[in-house]
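Student: Before anything else, here's the structure in question.
The values are calculated or read from the model by the stated rules, or taken from the named source; none is laboratory data. Given the structure is predicted, the values throughout are model-derived calculations rather than measurements. No Cβ is skipped: glycine too gets one built from the backbone with ideal geometry, and neighbour counts run over all protein chains shown.
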Amino acid sequence: MSFRFRVFTTLFLLVIQTGIAQESVDFPMVDEMIISIRLNRGDILFSEKFSKYLEGYNRLKAVQEQRELNETEKMDLLRVYQLFDDLNSKSELIKPYLSSILEARDKALFHAANDFAPEIFNKAERSFQELTAKFANNAQNQADESINKVILLYREAEFEAVRNKLLSEVRILIAEAKDLQAEKYTPSSYQKVNELFNEVDRILSKRQYNDPSLGQKAADLLEESKHLLYLVQLAKQLNRNDTAVEEYILALEASLRKLETTLNITLSSSNGVKKGLDNVNLAVEELQGELNRQRAMNETLLDSISLLSEEIAVLRMHLGENQNIQRKIDNLKSQLTPHNIKVIQQNGYILLRANGLQFPLGKLQISPEEKNRLEKIGESLRAFSSEKIVIRIGQAAAGNVEYNQRLAEQRAQAVALIIQDAGYIQDARISSEAVLLENSRDTGHAIVDVIIHLSQ
């Protein structure tokens, strides 16, 4: 939260508190307070209290939809507002101290630790709530040690989830390759995958979650497992029962990696290279009878690389982006177009644009329909686990410029929070900003741009 926004919020709350006894509280005021609590992560820091207060508030809302509140119910609404106000103050005070835990929790959720490692994740949740309660009661002795313990629990849950998902998928790939007689057709690759599997499994079994090499080894294991399955499938198609096919393809891929550097592209052994290898299958088939002769293999390899370089140049010219990014863009379009959200691809970033987002005059809250629309954007961003995300609000500049700019910035933060929660996005990867549109006078509508900065 920016310094200007904290100062404005503090002044705003002081004004409300000085007149709270004389003036009634309405539902929009409570909605504004709930947004502020979520910005301060109070819904997580004090999840039990927040859920309890929210349940009472929703009951009063349901009554309001049927009839006007009576005096007793109005006093209940005032009490709910005061409870939320107290919760917001505590959250704003505590959040900076516990931001490292919140980041670890977000990463664990991104890897679905609540589903794939529920026991450890729930233990971390309980420890987090106990620590939050101590901070709220000013019992902060040995704070650093307690914070580190909770962070380690979330990390353990995260990596246990990675283990359960990763090793399960890899075991399936290895089993499929074994069923195709990988030990016979592609023994070198089969041995490499099993050695890498045992190494990763050993690190995870010993719970060495801080091993700096674990992330790369896990990624390599999944890639090599897919590669093994592809190799053995190709060898079976060629109906060869010796290792010549594997040696030939591995030599071809080594040359492709050199070509990758020359052309400044990225190829995947199990996916991107597959298309290139498909283009040379005919040449491989024609040379089956001469695979044992080194001279013929080298000549064919040179011809194959030449053909492959032409194919890659055509693909780069027409597609403009690598295969992985293009697939993500296609998925974004299929997910978001039905919700009237445009997906625009630009050089170095992807722009998601939601036009006509409605805000009540001078307010931050939005309708459930609009919130659902923003949550769809957040869910789609789970496919971008490391990219920087910028949320930009554009609204009319009519009236007081300074007031409109401050309101737009607060709305941008509120919108960013909804998207961040839905997408499990860490605080460090998301930011918000606001611009005033000189040619627009519709103060009730805003343009929301979500900018995904692609890694170079």
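Student: Among the residues of segment 94-113, which ones are hydrophobic (A, V, I, L, M, F, W, C) and assigned to a helix (DSSP H, G or I)?
Tutor: Once the filter is applied, which keeps residues that are hydrophobic (A, V, I, L, M, F, W, C) and assigned to a helix (DSSP H, G or I), segment 94-113 yields Ile94, Leu98, Ile101, Leu102, Ala104, Ala108, Leu109, Phe110, Ala113.
Student: So, one more: Before we move on, is Glu119 over 23 Å from the mean Cα position of the chain (by Cα) and either farther than 11 Å from Ile101 by Cα or assigned by TED's automatic domain parsing to the domain that holds Ser225 (or both)?
Tutor: no
Conditions tested, residue by residue: (1) within 30 Å of Lys95 (Cα to Cα); (2) modelled with pLDDT under 85; (3) surrounded by 17 or more Cβ atoms within 10 Å (Cβ to Cβ); (4) in the same structural domain as Ser91 (by TED's automatic domain parsing).
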position	(1), (2), (3), (4)
Ala124	yes, no, yes, no
Ala143	yes, yes, no, no
Glu169	no, yes, no, no
Lys184	no, yes, no, no
Val200	no, yes, yes, no
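Student: To continue, here is another question. Among the residues of segment 129-166, count how many are in contact (Cβ under 8 Å) with a residue 60 or more places away in the chain and within 23 Å of Tyr424 (Cβ to Cβ).
Tutor: Of the residues in segment 129-166, 2 are in contact (Cβ under 8 Å) with a residue 60 or more places away in the chain and within 23 Å of Tyr424 (Cβ to Cβ).
Student: Suppose we filter Ser51, Ser91 for residues that are in a helix (DSSP H, G or I), in contact with an Asp or Glu (Cβ under 9 Å, 6 or more places away or on another chain) and surrounded by fewer than 14 Cβ atoms within 10 Å (Cβ to Cβ); which single one remains?
Tutor: Answer to the selection: Ser51.
Student: Can you tell me which residue in segment 347-368 is farthest from Leu454 (Cα to Cα), limited to those that are touching a strand residue (DSSP E or B) at 6+ places or on another chain (Cβ under 9 Å) and surrounded by fewer than 17 Cβ atoms within 10 Å (Cβ to Cβ)? Step through it out loud before you land on a result.
Tutor: Initial filter on segment 347-368 (touching a strand residue (DSSP E or B) at 6+ places or on another chain (Cβ under 9 Å)): 348-359, 366-367.
If we keep only those that are surrounded by fewer than 17 Cβ atoms within 10 Å (Cβ to Cβ) as well, we get 348-349, 351, 355-356, 358, 367.
On the way: Gly348: 5, Tyr349: 5, Leu351: 11, Asn355: 23, Gly356: 26, Gln358: 29, Ser367: 31 Å.
Only one residue fits best here, namely Ser367.
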